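Sharing a structure below in structure tokens format, with a few things to ask.
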Amino acid sequence: MAAAPAPPRLGAVAWLRANLFSNWSNTVLTLLGLFLLVRALPPLFDWGVAHAVWGAADPDVCKAASGACWAMIHEKYRLILFGRYPYAEQWRPLLGLVLLVVMIGLSCNRNAWGLRLAEAWGAALAAWLLLMWGGVAGLTFVPNNLWGGLPLTLILTVIGLAIAFPLSIFLALGRRSRMPVIRILCRVYIELIRGVPLISLLFMASFMLPLFLPTGVSIDEVLRAQVAIILFSAAYLAEAVRGGLQAIPKGQHEAAHALGLSYWQAQRKIILPQAIAVAIPAIVNIFIGLFKDTSLVAIVSLTDLLLAMRQAIADPQWRRFFVEGYVFIALIYFVVCFFMSKYSQYLETQFRSGQQR
Amino acid sequence: MVSPTTLAPVVFWRNQRFRLALYQAVALLLVIGAGAYFVSNALANLDERSIRTGFGFLSREAGFRIGESIIPYDASNSYGRAYVVGVLNTLRVSLLGIVLATLIGVLVGMARLSSNWLVVRLASLYVETVRNVPLLLQLFFWYTVITGLLPSVRQATQLLPGVYLSKSGLMFPAPVPHPGHPYMAAVFVIGCGLAWGYRGRARRRQEATGQVPKLLLPSLGLILGPPLVVWLVSGAPTALDVPVFTRFTFRGGNSITPEFLSLLAGLVLYTAAFIAENVRGGIQAVPRGQSEAAAALGLRRTTALRLVILPQALRIVIPPTTSQYLNLMKNSSLAVAIGYPDLVSVANTSLNQSGQAIECISIMMGVYLTISLSISVVMNVYDRAIALVER
């Protein structure tokens, strides 16, 4: 890729004039912005840094200080991050998180994309779940209802996506099928799910799903929420994949047909690899949305990151420092989502430059 | 070797039309079978737990109170009426939210394209922060801030004369009802119709003669003039019902609950960030040549924006913005988490009271589906109306 020519270097004064004071309306806006910053930044700095209480400290120390009480986070971070998972076993979810970060790191490299990576993901997810559940190799068994915090949020997201993605490919293909019955069934499913809020699906999973199962069979709450998340994300992913499919020129289908490939051979070897590559930025965006949306399981009382934080600040001693709690988990969400959205933008420019050549 | 000229007649199970029909029949049977299985399970379970079925409960007495309502409602009213209250509350916050989110979103989107470095940075800071944090977290945050950090009713902050903000919400003056008000509303609607008609005539005249008739002032006159005349004729009533603090609480005026306020703030700020991105993307997608050509024709920057850039950008901006409107409406369901009595919250309460999960959740999903589908139908019609007509 040819690098864009470097912009002409401006002196500091010239830069100021061009970017901040080019005409009177810009000058007014700049002064207004500066005024806002001057009013907002110093108090924010005083609160968050200068007058804040860092490290371990008593709630009374925090009460006396005028700034933020980061001691609350210091006191409660294990509860916020891991929920009610047994305290002594919390290295297991931590190890799981490390595994996940390593896998995500590997997957960011476009050259690694392929069947191998998918297999590695399968193995990693299995290992992760095994770590969380235990019950083998001397690990004590930890039931689903004790899972919580960041690992629960991530499991709901990643497992949800891992199962919803293959499902969504079938839905997307079905929606473009030439068989009217299949086309209508897929279309009805997608429109139905996309027309209702996720929270109604979560309610459906937690109140209606038990009724639909044979008498005596029951599934636990984490699994119910997971089912709702899978059903929900499959519909949205299907639309992203369909977008990718639509971008594939007709000639590709015809060429595959001319080579004597069957429908499924053509899809698997010719159409889908191209369509999914086109759809990946959209898929990453859905991933970001899903990661944020898993916080809704807090409404059906699953202790995800958000609810774990709310339980931490329910402690009467620390209740007044709720803003710190919100800032802490907002930062976690922000870092993950920001990283993913930047990555999706990077991919988009990569694909675009690939097409321009 | 099979010689190509002697093709054996295709056996019927290899016939493609037969196969397609077979696949579809199997798919349909599978779906119907699964449905029947679930229904029979549900019937058995309901029977075992002796839960009543059917929508008869809608006419029974609800027995729960609802915090705020547009129409009169109390605990002795029916479940059906409670649902209507819930739907109206959902629509109220969604409509107001859509209007405010559009205003802020367009402003921020333009700000991100400004030539002012500082304005661009501030706008991006806002967009990036708000978009990357879950909406539910933001709603909880606003709700805890409003109910936890704002002063109590006793020490309510006075924002403007007669407008107070406190833990218990926003209090503001309302005009005292006057017999002239309905007439003012009526002539306002008529005025809007007249202005629309005038706009059509002006456009036809412009196409016929090339002259650009004045549009803004006459339309404003048509819209605002008649209500003003009616107001003057009916004796210019200026009486305002101003909230006054009496012993424990405010009396008079209008008020907005903290739940509504935090839900509205959360939804508007969140959706505005997405709309801002749509606006920015739409304007950037208009080819550079268009603004250069407009400049070459001697149009001023603002005129070029209004007549050349925006009409083209709008075409790109509207579809994704519609889906943001739908998202806002669906996201208003998070109200249940902070106790605003929207549709989900009413459905949840009646589910817990009546035990009729299937009916309660079906009504809830049915209502959302109806609203979503009708908005998308309306937007598709609008989309087609402004689509590029090539000659």
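Provide a single number: the residues in the stretch A:328-345 that are free of Cβ contacts under 8 Å to residues at least 24 places away in the same chain and either more than 23 Å from A:Asn285 (Cα to Cα) or in contact with an Asp or Glu (Cβ under 9 Å, 6 or more places away or on another chain) (or both).
2
For (1) buried (at least 16 other Cβ atoms within 10 Å of the Cβ); (2) at pLDDT below 85, each residue gets a yes or a no:
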{"position": "B:Thr144", "(1), (2)": "yes, no"}
{"position": "B:Leu149", "(1), (2)": "no, yes"}
{"position": "B:Gln155", "(1), (2)": "no, yes"}
{"position": "B:Met171", "(1), (2)": "yes, yes"}
{"position": "B:Tyr183", "(1), (2)": "yes, yes"}
{"position": "B:Gly197", "(1), (2)": "no, no"}
{"position": "B:Arg203", "(1), (2)": "no, yes"}
{"position": "B:Gln206", "(1), (2)": "no, yes"}
{"position": "B:Gly235", "(1), (2)": "no, yes"}
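For the stretch A:88-106, check the following and say yes or no: at least one residue is at pLDDT below 80 and surrounded by fewer than 14 Cβ atoms within 10 Å (Cβ to Cβ).
Yes, the stretch A:88-106 contains a residue that is at pLDDT below 80 and surrounded by fewer than 14 Cβ atoms within 10 Å (Cβ to Cβ).
Tell me whether the stretch B:287-295 contains one or more residues that are farther than 30 Å from B:Val130 by Cβ and among the hydroxyl-bearing types (Ser, Thr, Tyr).
There is no residue in the stretch B:287-295 that is farther than 30 Å from B:Val130 by Cβ and among the hydroxyl-bearing types (Ser, Thr, Tyr).
Of the residues B:Ser114, B:Ser50, B:Ser76, which is assigned to a loop (DSSP other than H, G, I, E, B), within 14 Å of chain A (Cβ to nearest Cβ), polar (S, T, N, Q) and surrounded by fewer than 15 Cβ atoms within 10 Å (Cβ to Cβ)?
Going through B:Ser114, B:Ser50, B:Ser76 in turn, just one is assigned to a loop (DSSP other than H, G, I, E, B), within 14 Å of chain A (Cβ to nearest Cβ), polar (S, T, N, Q) and surrounded by fewer than 15 Cβ atoms within 10 Å (Cβ to Cβ): B:Ser50.
On the basis of being in contact with a strand residue (DSSP E or B) (Cβ under 7 Å, 6 or more places away or on another chain), closer than 18 Å to A:Gly289 by Cα, within 14 Å of another protein chain (Cβ to nearest Cβ) and touching a residue at least 24 places away in the same chain (Cβ under 8 Å), does A:Thr153 make the cut?
yes
Yes/no matrix, rows are residues, columns are (1) at pLDDT below 80; (2) of a type in the set (Asp, Glu):
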| site | (1), (2) |
| --- | --- |
| A:Arg39 | no, no |
| A:Pro42 | no, no |
| A:Phe45 | no, no |
| A:Ala50 | yes, no |
| A:Gly55 | yes, no |
| A:Asp60 | yes, yes |
| A:Ala64 | yes, no |
| A:Gly67 | yes, no |
| A:Trp70 | no, no |
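Quick one: is A:Arg116 touching a residue at least 40 places away in the same chain (Cβ under 8 Å) and among the basic types (Lys, Arg)?
No.
Right, something else. Can you say whether A:Arg187 is more than 19 Å from the chain's Cα centre (by Cα), assigned to a helix (DSSP H, G or I) and among the charged types (D, E, K, R), as far as the supplied structure shows?
yes
Tell me which of these B:Phe57 doesn't satisfy, since it passes every other one: (1) more than 28 Å from the chain's Cα centre (by Cα); (2) under 30 Å from A:Thr30 (Cβ atoms); (3) surrounded by 19 or more Cβ atoms within 10 Å (Cβ to Cβ).
Against the list (1) more than 28 Å from the chain's Cα centre (by Cα); (2) under 30 Å from A:Thr30 (Cβ atoms); (3) surrounded by 19 or more Cβ atoms within 10 Å (Cβ to Cβ), B:Phe57 comes up short only on (2).
For A:Lys76, work out the one condition from (1) outside the structural domain of A:Leu296 (by TED's automatic domain parsing); (2) surrounded by 14 or more Cβ atoms within 10 Å (Cβ to Cβ) it doesn't fulfil.
All conditions are met except number (1).
I've got another one for you. If you scan the stretch B:157-169, which residues turn out to be surrounded by fewer than 18 Cβ atoms within 10 Å (Cβ to Cβ) and in contact with a strand residue (DSSP E or B) (Cβ under 9 Å, 6 or more places away or on another chain)?
We begin by selecting, within the stretch B:157-169, every residue surrounded by fewer than 18 Cβ atoms within 10 Å (Cβ to Cβ); these are B:157-163, B:167.
Passing the criteria: B:Thr157, B:Gln158, B:Leu159, B:Leu160, B:Gly162, B:Val163.
Take the residues in the stretch A:166-182 that are touching a Lys or Arg at 6+ places or on another chain (Cβ under 6 Å) and touching a residue at least 40 places away in the same chain (Cβ under 8 Å), then tell me which one is nearest to the other protein chains (Cβ to nearest Cβ).
Among residues in the stretch A:166-182 that are touching a Lys or Arg at 6+ places or on another chain (Cβ under 6 Å) and touching a residue at least 40 places away in the same chain (Cβ under 8 Å), the one nearest to the other protein chains (Cβ to nearest Cβ) is A:Arg175.
Moving to a separate point now. Filter the stretch B:59-90 for residues that are touching a residue at least 60 places away in the same chain (Cβ under 8 Å) and among the hydrophobic types (A, V, I, L, M, F, W, C) and give the result.
Across the stretch B:59-90, the qualifying residues are B:Ala62, B:Phe64, B:Ile66, B:Ala82, B:Val85, B:Val87.
Read through the list (1) surrounded by fewer than 19 Cβ atoms within 10 Å (Cβ to Cβ); (2) touching a Gly at 6+ places or on another chain (Cβ under 6 Å), then give the number of the only condition that A:Met309 fails.
It is condition (1) that A:Met309 fails.
Out of the residues in the stretch B:24-46 that are at pLDDT below 85 and surrounded by fewer than 15 Cβ atoms within 10 Å (Cβ to Cβ), which is farthest from the other protein chains (Cβ to nearest Cβ)?
Within the stretch B:24-46, the match that is farthest from the other protein chains (Cβ to nearest Cβ) is B:Leu43.
Can you pull out the residues in the stretch A:183-224 that are among the polar types (S, T, N, Q) and either at the interface with another protein chain (Cβ under 7 Å from one of its Cβ atoms) or buried (at least 19 other Cβ atoms within 10 Å of the Cβ) (or both)?
A:Ser200, A:Ser206, A:Thr215
What are the residues in the stretch A:16-48 that are under 33 Å from the mean Cα position of the chain (by Cα) and either at the interface with another protein chain (Cβ under 9 Å from one of its Cβ atoms) or aromatic (Phe, Trp, Tyr) (or both), if any?
A:Gly33, A:Leu36, A:Leu37, A:Phe45, A:Trp47
The values are calculated or read from the model by the stated rules, or taken from the named source; none is laboratory data. Since this is a predicted model, take the numbers as computed values, not measurements. Cβ atoms come from the backbone with ideal geometry, glycine included; neighbour counts cover every protein chain shown.
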